[in-house]
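Report on the structure given below.
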Amino acid sequence: MMEKISSLAKRRGFIYPDSEIYGGYQGFWDYGPLGVELKNNIKRQWWKSMVYNREDIVGMDTSIIMNPVVWEKSGHLKAFTDPMVECRECHKRFKEEDKKSHEHDDWTEPKIFNLLTEVLLGTTEPKEKAYLRGEITQGVFTNFENVVASSRVKIPFGIAQIGKAFRNEITPGNFTFRSREFEQMELEYFVKPDEAESKKIFENWKEQRINWYESLGMTAKKLRFQDHKDKEKAHYAKYATDIQYEAPFGWSEFEGIHHRGDFDLKNHGLSYLDQETQEKYIPWVIETSGGVDRATLFFLIDAYYEDGERVILKLHPKLAPIKVAVFPLLSNKPDLVKKAKWLFGKLKIAIPPVAWDDRGNIGKRYFSQDEIGTPWCVTVDFQTLEDETVTIRDRDTAKQERVEIDKLSEWFSAKLGEK
Ligand code: GAP
């Protein structure tokens with residue numbers, strides 16, 4: 001299954017190995033013309049549900065490289081680690097939990113390995129050591145008082161952010177699942193310090209997040225929560241739950257919901273003043289931290305269907321990289337091509353991106369669009385020239401419907417749930 005997904009991803013322009021012409025680079029991936037659309041759609045839907053549809057959450061975009069003191073205070077320099085073992089026979093190094101994937105079984109004792117990626121900055125030697133952020137979160141915490149002072153937020157409120165994070169993973173693998181560079185979409189939700197109330201908010205966010213994946217078409221029975229045992233918890237977490245997907249390589253985490261308590265704000269020496277009661281306190285944080293690349297991978301896997309020779313990506317229309325494909329019934333009839341080109345131009349403005357295809361026969365064009373998840377194909381035929389109607393063919397049912405050109409934008413908006 002993973003072979004099929006990665007070969008489709010490469011062949012159709014979703015995901016390529018990074019620097020492939022030089023043999024690739026382990027743990028790095030590039031998103032192609034369709035992959036960037038899919039990933040952007042996921043991020044856009046997330047931002048909509050987290051920021052635009054709410055009154056208590058604002059957005060941010062913070063820097064990837066921060067003052068190195070941040071990582072000392074946040075505990076990452078000490079505790080952002082994995083146990084690493086080395087095979088005594090071939091000297092390859094593994095994350096301890098990945099030992100079983102190796103053919104030999106003679107290991108060194110585990111050593112603690114820090115996952116932060118180092119960078120060297122400045123012009124004088126020795127250059128200053130800084131870090132690529134290992135989680136996007138710290139920029140939100142260090143700006144906590146800036147956001148409170150410059151916007152009208154009041155506790156409880158949240159700050160949402162999407163951006164790149166970097167981890168020097170010991171064993172990257174399972175296609176994009178464990179990469180060294182990846183994107184996160186995170187919410188830090190600040191609440192009053194109160195055990196019962198914060199637990200309620202934590203439970204509420206768990207439900208909202210799993211529902212969000214389901215609302216975009218992920219199969220409910222392939223999703224589950226998995227609570228962290230004490231030894232699995234990150235250094236900042238009071239308690240935590242993962243959202244897992246049943247991937248071909250087993251149940252796998254792709255979003256973490258963490259109760260971070262006052263760990264971060266306290267370590268950065270930050271607090272909150274309630275303007276009404278004049279009460280000063282350190283808020284607690286409930287965090288939802290999703291991986292954009294893992295979500296992209298699992299949406300792809302979940303959408304993948306085979307029907308004989310035919311491959312169909314049943315992506316939710318809101319996520320589909322191309323919304324509509326436009327075809328002239330025959331490519332050698334100038335009247336049909338002209339009309340179809342005109343319609344293509346119109347739809348490109350109304351509901352982008354739109355694909356054009358006039359190669360081969362209609363069957364082959366459907367086949368090609370199904371494989372990349374295009375929900376609708378519009379064909380301009382001879383009847384169109386007479387009555388200004390076209391056929392719309394549905395990816396999942398293969399049923400065709402005749403619709404007036406004037407009503408197309410409305411038809412698609414309704415299907416996309418935008419009207
Ligand atoms: N701020 C909290 C945080 O970073 P995490 O559980 O370490 O929590 C959150 O990471 C999410 O980031 C994970 O659920 C996963 O989706 C994504 N992620 C983490 N490491 C990753 C990696 N090496 N490759 C791809 N995605 C990763």
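The values are calculated or read from the model by the stated rules, or taken from the named source; none is laboratory data. No experiment lies behind these values; they were computed from the predicted model shown. Quick reminder, even Gly has a Cβ in these numbers, built from the backbone with ideal geometry, and neighbours come from all protein chains shown. These accessible areas exclude ligands, DNA and RNA; they are computed on the full protein's heavy atoms, side chains included. Shrake-Rupley method; radii C 1.70, N 1.55, O 1.52, S 1.80 Å.
When the surface is traced with a 1.4 Å probe over the full set of protein chains, Glu72 keeps roughly 120 Å² accessible. If you take all other residues with their beta carbon under 9 Å from the beta carbon of Leu385, and give Lys and Arg +1 and Asp and Glu -1, the sum is -4.
Rounded to the nearest 5, the antiparallel percentage of DSSP beta bridges internal to segment 320-391 is 10%. Tell me, how many Å apart are the Cα centres for segment 372-418 and for segment 6-80? Using only Cα atoms, the two centres lie 34 Å from each other.
Considering only Gly158, Thr81, Pro126, and ranking their Cα positions along the charge dipole of segment 60-205 that arises from unit charges at the beta-carbon of Lys, Arg, Asp and Glu, the one farthest toward the positive end is Gly158. Annotation: the antiparallel percentage among DSSP beta bridges lying fully within segment 284-419 is about 60.
Kirkwood radius for the chain, taken over all pairs of different Cα atoms as the inverse mean of 1/r, rounds to 24.1 Å.
Cα centroids of segment 317-355 and segment 108-183: 42 Å apart. The calculated 222 nm mean residue ellipticity attributable to helices in the chain amounts to -8500 deg cm²/dmol, summing -39500 (n - 2.57) over DSSP H runs of n ≥ 4 and dividing by all residues. Sparsely packed loop sites in segment 273-370 (the GluC sites (Glu not before Pro) outside DSSP H, G, I, E and B with at most 11 other Cβ atoms within 10 Å) comprise Glu276, Glu279, Glu309. Farthest toward the positive end of the dipole of the chain, out of Leu115, Trp47, Ala234, is the Cα of Trp47, where the dipole comes from beta carbon charges about the Cα centre. Ranking of Arg365, Arg93 by solvent-accessible surface, largest first: Arg93, Arg365 (1.4 Å probe, protein heavy atoms only, all chains present).
Under 1.5 on a/c is rounded, so check that first for segment 1-135, then, if it is not, pick prolate when a/b is larger than b/c and oblate when it is not; a ≥ b ≥ c are the square roots of the alpha carbon gyration tensor eigenvalues. Oblate, because a/c is 1.5 or more while a/b does not exceed b/c. Between Glu125 and Glu20, the modelled label-to-label distance comes to 4.0 nm, taking each label 7 Å out from Cα in the direction of the beta carbon. A Cβ-based charge dipole, computed about the Cα centre of the chain with Lys and Arg at +1 and Asp and Glu at -1, lands at about 800 debye. Structure note, pairs Lys92/Lys231; Lys43/Lys266; Lys78/Lys206; Lys95/Lys206; Lys129/Lys164: Cα-Cα distances above 21 angstrom occur for Lys92/Lys231; Lys43/Lys266; Lys78/Lys206; Lys95/Lys206.
Other residues with beta-carbon under 11 Å from the beta-carbon of Leu265 carry, at +1 per Lys or Arg and -1 per Asp or Glu, a net charge of -1.
The accessible area of Phe249, taken with all protein chains in place and a 1.4 Å probe, comes to roughly 60 Å². For Lys341, which lysines qualify as cross-link partners when the Cα separation must be under 21 Å and same-chain residues fewer than eight apart are set aside? Candidates past the 8-residue exclusion: Lys323, Lys333, Lys364, Lys407. Between Glu388 and Val36, the FRET efficiency from the beta-carbon distance, with R0 = 35 Å, is close to 0.50.
Dipole check for segment 106-200: with +1 at the C-beta of Lys and Arg, -1 at the C-beta of Asp and Glu, and the Cα centre as origin, the magnitude is about 300 Debye.
When Trp46, Trp251, Trp356, Trp342 are compared by accessible surface with a 1.4 Å probe, the order from highest to lowest is Trp342, Trp251, Trp356, Trp46. When a/c is below 1.5 the answer is rounded, else prolate if a/b is larger than b/c, else oblate, so apply that to segment 91-143 with a ≥ b ≥ c taken from the square roots of the Cα gyration tensor eigenvalues. Cα axes put segment 91-143 in the oblate bin. In the assembled protein chains, Glu232 presents an accessible area of approximately 90 Å² (probe radius 1.4 Å). Where both bridge residues fall in the chain, DSSP classifies roughly 85% of the beta bridges as antiparallel. The charge dipole of segment 294-337, taken about its Cα centre with unit charges on the Cβ of Lys, Arg, Asp and Glu (plus for the first two, minus for the last two), comes to roughly 240 debye. Overall shape: rounded for segment 333-419, with the ratio a/c of the largest to smallest alpha carbon gyration tensor axis below 1.5.
Accessible area ranking (1.4 Å probe, heavy atoms, ligands and nucleic acids excluded), largest first, for Arg54, Arg133: Arg54, Arg133.
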